[in-house]
Ligand SMILES: Nc1nc2c(ncn2[C@@H]2O[C@H](COP(=O)(O)OP(=O)(O)OP(=O)(O)O)[C@@H](O)[C@H]2O)c(=O)[nH]1
Ligand SMILES: Nc1nc2c(ncn2[C@@H]2O[C@H](COP(=O)(O)OP(=O)(O)OP(=O)(O)O)[C@@H](O)[C@H]2O)c(=O)[nH]1
């Protein structure tokens, strides 16, 4: 029997290890068993993570305790689990931030010399993600911020885990052939199903709906007109849906959000005959909130009479009502005639690359200086804020940390100015950008 890669969840008590375990194992749970001879607190399950079968191991909280006590024995069991791990998920609580115990465990873990991925759990909301980035100081590389309880960032985490597992015997999907995960979203009747059928039908379909992805999710791979692989992820969308206008309530609570979480990019279908409506803008905001890159498909283009006018009206409405989507690529197309579909793919690729962009710190700070000069930071309590330094802390979506004295007091409007300027100067239309403000010492110094 081939030995499965072992992924071990570790961290101090109460950081959310069990919640994460359940999230990762989820309905794919194939087997839960108490490992014989180990304390009842070590749970194991075979599950599928990012297309790889793994043995997920939950451990008891790492605690300082004498070995002859129950916590002590639990620690010994954790230690054994970590020794056997192909990957250790080191979980800490982003809400409380790193505490001394976490740092101790970090040192302890380092001695174990196993691959480690740091997970900042309970990172729902803005503060959480800023705290998450503190964990750089543990020296295990980029922390991944999630909320196990609210199911935020878990899908991205799964992909990250899969990418860090040892190579399979059979060659895994290499980077080049990895399908780009797309969600096609839009309000009812926008032309999503027709576009999907076109893509899956007329283009060469490679695999059918994939069973067992999650409870309801379905996905299908196809080769785009550019010869590259795409995977449409959807929860209900590949099934025939009832043609009822149920509005955003349904859409926002169910399938589209789920699809967005699993996707890397969104194609937002907007009906060109109707033009951009408030509901379309709401969906665009949802995409940005989920941190997904986006291109707009202006559908039913064959039925549009005044094309220049329709396109301009759509662009205008978006730039006025959605500053974060300003300059977004908009591809007019018809799934009925196939017109324009080819142009969708270069747009998707281009935006995808920008979503993955990493801007060198020197370049970033040259922009930063110019931006500050052009429009100096405002006065707060009669004193000017001193902003000193900016660095990119992650991609997908591009996320930045901004340092300076009282940087955390930078008003929303000024943050928006910086984000919009970044997006414009580094040409990232349709890409969500996050900035975190740090009024503290720069923990990233010397990293690049
Ligand atoms: N706010 C928030 N709370 C969470 C999150 N994940 C877990 N929790 C809560 O944190 C508490 C601890 O979660 P557990 O999963 O039991 O933590 P654990 O690390 O397994 O704890 P031990 O078994 O003591 O080691 C519970 O009350 C969870 O509901 C999250 O993402 N956000
Ligand atoms: N003229 C024209 N009509 C289209 C095109 N694409 C879709 N339609 C029509 O628009 C209507 C809605 O299309 P669907 O693809 O079902 O839209 P949907 O977004 O999947 O709708 P829901 O399932 O309700 O969310 C149908 O009557 C289609 O025939 C197109 O490219 N040109």
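Yes/no matrix, rows are residues, columns are (1) loosely packed, with under 13 Cβ neighbours inside 10 Å; (2) farther than 15 Å from residue 424 by Cβ; (3) within 16 Å of ligand 1 (Cβ to nearest atom); (4) at pLDDT below 90:
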| site | (1), (2), (3), (4) |
| --- | --- |
| 321 | no, yes, no, no |
| 327 | no, no, no, yes |
| 331 | no, yes, no, no |
| 334 | no, yes, no, no |
| 357 | no, no, no, no |
| 362 | yes, yes, no, no |
| 375 | yes, no, no, no |
| 379 | yes, yes, no, yes |
| 382 | yes, yes, no, yes |
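Of everything in region 268-282 that is surrounded by fewer than 23 Cβ atoms within 10 Å (Cβ to Cβ) and within 12 Å of ligand 2 (Cβ to nearest atom), the residue that is modelled with the lowest pLDDT is 279. Could you please let me know if residue 424 is surrounded by fewer than 16 Cβ atoms within 10 Å (Cβ to Cβ), over 30 Å from residue 194 (Cα atoms), under 25 Å from the mean Cα position of the chain (by Cα) and touching a residue at least 12 places away in the same chain (Cβ under 8 Å)? For residue 424, the condition - surrounded by fewer than 16 Cβ atoms within 10 Å (Cβ to Cβ), over 30 Å from residue 194 (Cα atoms), under 25 Å from the mean Cα position of the chain (by Cα) and touching a residue at least 12 places away in the same chain (Cβ under 8 Å) - is met.
So which pairs qualify, if the first residue must be in region 216-230 and over 20 Å from residue 258 (Cα atoms), the second must be assigned to a loop (DSSP other than H, G, I, E, B) and modelled with pLDDT of 85 or more, the Cβ gap must be under 7 Å, and the two must be at least 6 apart or on different chains? As it stands, the answer is 229/179, since those pairs meet every condition given.
The sole residue among 307, 289, 262 that is surrounded by fewer than 19 Cβ atoms within 10 Å (Cβ to Cβ) and either over 13 Å from residue 324 (Cβ atoms) or within 15 Å of ligand 2 (Cβ to nearest atom) (or both) is 307.
Residue-level check: of (1) surrounded by 13 or more Cβ atoms within 10 Å (Cβ to Cβ); (2) touching a helix residue (DSSP H, G or I) at 6+ places or on another chain (Cβ under 9 Å), residue 370 misses just (1). Considering only residues of region 94-115 that are outside any helix (DSSP H, G or I) and surrounded by fewer than 22 Cβ atoms within 10 Å (Cβ to Cβ), which is farthest from ligand 1 (Cβ to nearest atom)? Top of the filtered list is 113.
Condition first: closer than 23 Å to residue 414 by Cα and out of contact with any helix residue (DSSP H, G or I) (no Cβ under 6 Å at 6 or more places or on another chain). Can you find one or more residues in region 325-346 that meet it? So far as region 325-346 goes, yes, one or more of its residues are closer than 23 Å to residue 414 by Cα and out of contact with any helix residue (DSSP H, G or I) (no Cβ under 6 Å at 6 or more places or on another chain).
Scoring residue 137 on the criteria (1) within 16 Å of residue 9 (Cβ to Cβ); (2) in contact (Cβ under 8 Å) with a residue 40 or more places away in the chain; (3) more than 20 Å from the chain's Cα centre (by Cα) leaves a single failure, condition (1). Just one of the listed residues (41, 93) is more than 21 Å from residue 166 (Cβ to Cβ) and at pLDDT 90 or above, namely 93.
Of the set (1) modelled with pLDDT under 80; (2) surrounded by fewer than 20 Cβ atoms within 10 Å (Cβ to Cβ); (3) under 28 Å from residue 333 (Cβ atoms), all apply to residue 221 but (1). Within the option set 157, 165, 200, 182, being within 16 Å of ligand 1 (Cβ to nearest atom) and at pLDDT 55 or above holds for one residue only, 157.
The values are calculated or read from the model by the stated rules, or taken from the named source; none is laboratory data. The model shown is predicted, which means the values in this text are computed figures rather than measured ones. Note that we place each Cβ from the backbone using ideal geometry, even for glycine, and neighbour counts take in every protein chain shown.
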